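Visitor: Structure below; questions to follow.
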Amino acid sequence: MKLTKIFIEFYNNEKASGFILILCTVVSMILANSPAQDQYIAIWHFTIAGSSVVHWINDGLMAIFFLLIGLELEREIYRGELSNFRTASFPVMAAIGGMIVPAAVYWIFNFGSATQSGAGIPMATDIAFALGILSLLGKRVPPSLKIFLAALAVIDDLGAIIVIAIFYTGQIIWMNLAAALSIFLLLLLMNRMHFRTLLPYLAGGIIMWYFMLHSGVHATISGVLLAFAIPFNSEDKKSPSYSLQHFLHKPVAFLVLPLFALANTSVVIGSNWLEGLLHANSLGIMAGLIFGKPVGIVLFSFIAVYSGLSILPGKVNWKHLIGIGLLGGIGFTMSIFITLLAFEQEELITISKIAILLASLTSGALGYFWLRMTLPHASHEINHESKS
């Protein structure tokens with residue numbers, strides 16, 4: 001399968017972002033547990049225009065991340081892996097399984113308790129980390145497997161967005177929500193009228209974000225809505241959607257996500273952190289990500305193929321899918337984001353973050369070593385192709 005130029009750019013940016021996220025996480029946790037702890041944490045709680053720095057990052061900059069996710073999803077629908085039913089059904093089914101089963105695992109541990117609202121935490125996959133780990137295997141990874149993981153993670157992000165919109169919305173202020181949706185409809189109308197100048201869409205998106213922020217619905221949802229309002233033309237690389245996606249890749253990969261990682265992994269590890277990992281919430285997160293993710297992804301992929309709904313991508317086998325399922329357990333960015341929406345108690349948020357980090361590290365290591373054992377060596381692939 002031939003990789004398109006935009007996918008190669010996307011893959012390489014996500015790969016680099018994954019490594020930077022790892023570095024930022026390590027640095028942040030070291031500083032948060034060093035003699036400079038108070039000064040470091042104070043940076044993120046410094047108030048600007050009535051809100052803390054971490055609040056501006058989570059509600060402001062992350063809207064740009066969600067805008068990029070929406071643009072990538074739009075591209076996949078119009079000209080990528082999701083552009084026809086036969087190819088789209090496979091990653092869609094895998095992603096659905098990768099969300100339902102982890103949430104069910106979490107519920108087994110937490111149903112009826114005060115922490116059952118955290119069921120959305122293990123549903124997420126961090127696309128930057130997952131592609132970063134996969135890239136370590138180099139040319140041994142078939143292009144179809146890279147595309148499958150990217151499509152799976154993008155659909156997974158869409159699922160997380162839907163979960164946030166439905167289950168993690170507070171008390172709704174209807175006037176502000178109506179204003180935000182009215183602006184969205186106006187932008188859609190501009191799209192239909194073939195208005196292609198990008199600046200008015202961005203200006204409208206900022207106003208829509210403001211009203212969404214004050215509506216009770218999480219402000220980052222405005223990023224996704226804006227993405228689908230911006231004109232897309234699969235035949236025109238100068239279309240507003242294509243141009244904006246191309247522009248946002250590097251700022252998101254090298255600024256937005258690293259700042260999110262630094263601000264949200266400044267976790268102070270207390271003396272009782274091991275005891276906290278035995279809490280039902282922590283067990284649900286770790287079991288959901290480490291076991292629920294691969295089981296859900298592989299099980300629903302199996303159903304899709306053997307029901308005749310889908311076919312396995314070229315050069316991909318079931319052993320490879322187990323490895324991708326394990327990499328799917330790298331929750332990180334989206335899992336931490338949903339944690340902040342699900343819980344209010346600082347201690348519960350902290351131990352949830354530790355559980356997410358440990359589960360993501362475990363899933364990443366298991367996925368890497370599994371694929372390293374099951375993927376053919378690059379030299380073997382080259383010899384095989386030259387003979388054929």
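The values are calculated or read from the model by the stated rules, or taken from the named source; none is laboratory data. Computed from a predicted model, the values in this text were never measured in an experiment. Positions of Cβ are generated from backbone atoms using ideal geometry, with glycine treated the same way; all protein chains shown enter the neighbour counts. For accessibility, only protein heavy atoms count, side chains too; no ligands or nucleic acids. Shrake-Rupley method; radii C 1.70, N 1.55, O 1.52, S 1.80 Å.
Visitor: Based on DSSP H assignment, which helices of the chain show an axial Cα extent of at least 30 Å together with a mean Kyte-Doolittle hydropathy greater than or equal to 1.0?
Guide: Qualifying helices, which must be both long enough and hydrophobic enough, are 5-32, 85-110, 143-167.
Visitor: Here is a follow-up. What relative contact order, as a whole-number percentage, does the range 220-334 give when Cα pairs under 8 Å and 6 or more residues apart are counted?
Guide: Relative contact order comes out at 22 percent.
Visitor: Quote the FRET efficiency, to the nearest 0.05, computed for Lys139 versus Asn233 with a Förster distance R0 of 41 Å and r equal to the Cβ-Cβ distance.
Guide: 0.80
Visitor: Here is a follow-up. In whole percent, how big is the carbon plus sulfur part of the accessible area of the chain, probe 1.4 Å, protein atoms only?
Guide: Here it works out to 70 percent.
Visitor: Next question, about the same structure. Using the basic label-point model (7 angstrom from Cα toward the beta carbon), what is the Ser34 to Ser271 distance in nanometres?
Guide: My value for the distance between the label points is 2.4 nm.
Visitor: Just to be sure I understand: with springs between alpha-carbon atoms less than 10 Å apart, which residue in Ala203, Ala179, Ala63 has the highest mean-square fluctuation in the Gaussian network model of the chain?
Guide: Ala203
Visitor: Then there's this: How much area per residue is accessible in the chain when the probe is 1.4 Å and only protein heavy atoms are counted (Å²)?
Guide: Spelled out: the 1.4 Å probe surface of the chain, per residue, equals 45 Å².
Visitor: In the range 196-342, how many lysine pairs have Cα atoms under 29 Å apart, counting only pairs 8 or more places apart or on different chains?
Guide: Eligible lysine pairs with Cα atoms under 29 Å apart amount to 5.
Visitor: Can you tell me which of Tyr168, Tyr78, Tyr242 moves the most in a GNM of the chain? Springs connect C-alpha atoms under 10 Å apart.
Guide: Maximum among the listed residues: Tyr78.
Visitor: Just Thr197, Thr265, Thr125 to compare: in a GNM of the chain, with alpha carbon springs under 10 Å, which one fluctuates most?
Guide: Thr197
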